[in-house]
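One structure follows; several queries about it will come next.
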Amino acid sequence: MASPNIYTAAPTVFDRRLRLERRRRALAAAAKPGARDGGFLLDHVASDVRERLESVERSFEHGVDLSADDGRVADLLRKSPRVKALSRLEPDARLAEGDDTVLAIGAEEALPLAPGSADLVTSVLALHWVNDLPGALVQIRRALKPDGLFLGALIGGRTLHELRDVLAAEDEEATGGVSPRVAPFVDVRDLGSLLQRAGFALPVTDVDTLTVRYGNLFVLMADLRAMGATSALTARSRRPWTKGRAVRAAQIYAERHADPDGRIRATFQVLSFSGWAPDDSQQKPLRPGSAKVRLADALGTAEQSAGEKPR
C-alpha cells in the first residue's frame, strides 16, 4: 500500500498582492517633494550587512540581492570591494521597469534562479514577508554554488511588541475580541534551526535591538506606511478603524509605553544571519575524543574528577 502524502502547503499568512500594493504606494509617495523618508531602518541594517560582508576574506564573482526594496541595498553592496557583480531580484514587474540591474522577476517562494548560479545571495529586511520561509531558504541554498555565502537580516519577534500590546488592548476594549494586526516574526533560535534544516553549513545568527522614539502613535504609523510595512495579513480585520478608535489607541500607547518626557517607544529587533552552501573545503568539527591537548592543560588548571571537591 502506498504511503499517504503527508505534505501540506505552507499557510498563507501574508496577502502578497496587498504587500506589493503597499510597496508601490510607499515608493510613489517617497518620490514626491518633501515626502517622509521611511528608509532609516533599511539603511541602518544594510550598512551593517555590508560591514559583515567586508569582514569575509574572499571576493564574490556574482551575487543576487533579494531585498525587495527600491534598489538601495543592492547599490550599497555593489560598492563593496568584495563584490564584483550584483544583480537584483524584484517581485513586482512594475517596479522593475527601466532597472537594468534586475536579473529576474519573481518571489522568494518560487525563486527564479538556476541551481548553483550565484556565489553570494543577500537579503535585507524582506524574508519576514515570506509565507514559506523554510522553503525559501532551501531554494536559496540550492541557488548557491558550493561554498557560496547567504548573508542578510530580517525582522525578529520582539519587533513592535508595544504596538501589538496597544492594538490588542484597544481591540478588546472596542469589540470584546482581538484581531491580528501585526505580523508574526521569527525567533533567533528558530532562525538558526531553519538555516541548518535548509542545508546551510556554519550558520551564524545574531540579534540587534533598536528603540525608536516618536511623538505619538500617529507619527509611528506614518513611518510604517512610508516603509510599506503596514499590515498585509490575510487574517487582518476588515472593519474600518475609526478616528475615535485611533485616538483611543494613541492614548493607551502613551499610558503604557511612554518615557517621562511623553515620547513613546517602538522596538525594532533585527536578526542578522549568515550561512554557507556546503563544500569539502570548509572546516569540519573534530570527532569526539580526537583532541590532542587536554582542556585543563590549555587553561593551566588542575583536572578534577566529578565527585572531587575543588581545592
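Table: residues versus (1) part of a loop (DSSP other than H, G, I, E, B); (2) of a type in the set (D, E, K, R); (3) at pLDDT below 95.
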site: Asn5; (1), (2), (3): yes, no, yes
site: Ala10; (1), (2), (3): yes, no, yes
site: Leu18; (1), (2), (3): no, no, yes
site: Arg36; (1), (2), (3): yes, yes, yes
site: Asp99; (1), (2), (3): yes, yes, yes
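Next question, about the same structure. Considering only residues of segment 120-135 that are of a type in the set (A, V, I, L, M, F, W, C) and part of a loop (DSSP other than H, G, I, E, B), which is modelled with the lowest pLDDT?
Result: Val130.
Quick one: count up the residues across segment 191-221 that are assigned to a helix (DSSP H, G or I), open to solvent by less than 40 Å² (accessible area, probe 1.4 Å) and closer than 16 Å to Val166 by Cβ. I'd like the intermediate steps shown before the answer.
Here is the first cut: in segment 191-221, the ones assigned to a helix (DSSP H, G or I) are 191-197, 217-221.
Checking which are open to solvent by less than 40 Å² (accessible area, probe 1.4 Å) leaves us with 191-192, 194-195, 217, 220.
Add one more test, that the residue is closer than 16 Å to Val166 by Cβ, and what stays is 217, 220.
Residues that pass the stated criteria total 2.
Consider segment 222-247. How many of its residues are touching a residue at least 40 places away in the same chain (Cβ under 8 Å) and open to solvent by 70 Å² or more (accessible area, probe 1.4 Å)?
Total meeting the criteria: 2.
Of the conditions (1) surrounded by fewer than 17 Cβ atoms within 10 Å (Cβ to Cβ); (2) under 15 Å from the mean Cα position of the chain (by Cα); (3) not hydrophobic (A, V, I, L, M, F, W, C), Gly177 satisfies every one except a single condition; which number is it?
Unmet for Gly177, out of (1) surrounded by fewer than 17 Cβ atoms within 10 Å (Cβ to Cβ); (2) under 15 Å from the mean Cα position of the chain (by Cα); (3) not hydrophobic (A, V, I, L, M, F, W, C): (2).
Still on this model: Considering only segment 29-55, state which residues are farther than 27 Å from Thr209 by Cα and either open to solvent by less than 60 Å² (accessible area, probe 1.4 Å) or in contact with a Ser or Thr (Cβ under 7 Å, 6 or more places away or on another chain) (or both).
Ala29 - this is the single residue of segment 29-55 that is farther than 27 Å from Thr209 by Cα and either open to solvent by less than 60 Å² (accessible area, probe 1.4 Å) or in contact with a Ser or Thr (Cβ under 7 Å, 6 or more places away or on another chain) (or both).
Between residues in segment 87-114 that are within 19 Å of Gly135 (Cβ to Cβ) and residues that are open to solvent by 30 Å² or more (accessible area, probe 1.4 Å) and among the acidic types (Asp, Glu), which pairs lie under 6 Å by C-beta distance while being six or more apart or on different chains?
Glu109/Asp132
Now for a different question. Kindly indicate which of Glu172, Glu90, Glu97, Glu108 is open to solvent by 30 Å² or more (accessible area, probe 1.4 Å), charged (D, E, K, R) and more than 30 Å from Glu255 (Cβ to Cβ).
Glu97 is the lone residue from the list that is open to solvent by 30 Å² or more (accessible area, probe 1.4 Å), charged (D, E, K, R) and more than 30 Å from Glu255 (Cβ to Cβ).
Can you name the condition, by its number, that Asp75 falls short on among (1) outside any helix (DSSP H, G or I); (2) within 16 Å of Asp99 (Cβ to Cβ); (3) open to solvent by 10 Å² or more (accessible area, probe 1.4 Å)?
Evaluating Asp75 over (1) outside any helix (DSSP H, G or I); (2) within 16 Å of Asp99 (Cβ to Cβ); (3) open to solvent by 10 Å² or more (accessible area, probe 1.4 Å) leaves (1) as the failure.
Is it fair to say Ala222 is under 29 Å from Leu127 (Cα atoms) and either at pLDDT below 95 or aromatic (Phe, Trp, Tyr) (or both)? Explain how you work it out, then say what you get.
Values: under 29 Å from Leu127 (Cα atoms): yes; either at pLDDT below 95 or aromatic (Phe, Trp, Tyr) (or both): yes.
It is true that Ala222 is under 29 Å from Leu127 (Cα atoms) and either at pLDDT below 95 or aromatic (Phe, Trp, Tyr) (or both).
Which of the residues belonging to segment 38-90 are aromatic (Phe, Trp, Tyr) and at pLDDT 95 or above?
If the condition is that a residue be aromatic (Phe, Trp, Tyr) and at pLDDT 95 or above, then Phe60 is the only one that fits.
For segment 249-279, which residues satisfy the criterion of being assigned to a helix (DSSP H, G or I) and open to solvent by less than 70 Å² (accessible area, probe 1.4 Å)?
Hits for segment 249-279 are Ala249, Ala250, Ile252, Tyr253, Ala254.
Filtering segment 111-141 down to residues that are within 19 Å of Ser193 (Cβ to Cβ) and more than 14 Å from the chain's Cα centre (by Cα), which residue is surrounded by the most Cβ atoms within 10 Å (Cβ to Cβ)?
Checked segment 111-141; the qualifying residue surrounded by the most Cβ atoms within 10 Å (Cβ to Cβ) is Ile140.
Moving to a separate point now. When you check Arg189 against the structure, is it basic (Lys, Arg) and either touching a Phe, Trp or Tyr at 6+ places or on another chain (Cβ under 7 Å) or closer than 23 Å to Arg263 by Cα (or both), yes or no?
Taking the combined requirement at face value, the residue does not satisfy it.
Of all residues in segment 56-72 being in contact with a Lys or Arg (Cβ under 7 Å, 6 or more places away or on another chain) and farther than 20 Å from Met227 by Cβ, which is least open to solvent (accessible area, probe 1.4 Å)? Lay out the reasoning, then the answer.
Quick first cut of segment 56-72, residues in contact with a Lys or Arg (Cβ under 7 Å, 6 or more places away or on another chain) only: 56, 59-61, 65, 71.
Restricting the remaining residues to those that are farther than 20 Å from Met227 by Cβ gives 56, 59-61.
Details: Val56: 27, Ser59: 51, Phe60: 1, Glu61: 101 Å².
Among those that are in contact with a Lys or Arg (Cβ under 7 Å, 6 or more places away or on another chain) and farther than 20 Å from Met227 by Cβ, it is Phe60.
Arg24 - would you say it is over 17 Å from the mean Cα position of the chain (by Cα), in a helix (DSSP H, G or I) and not polar (S, T, N, Q)?
Working: over 17 Å from the mean Cα position of the chain (by Cα): yes; in a helix (DSSP H, G or I): yes; not polar (S, T, N, Q): yes.
Yes, satisfied.
The values are calculated or read from the model by the stated rules, or taken from the named source; none is laboratory data. Small disclaimer: the values here were computed from a predicted structure and weren't measured. Positions of Cβ are backbone-derived with ideal geometry, glycine not excepted, and every protein chain shown enters the neighbour counts. These accessible areas exclude ligands, DNA and RNA; they are computed on the full protein's heavy atoms, side chains included. Shrake-Rupley method; radii C 1.70, N 1.55, O 1.52, S 1.80 Å.
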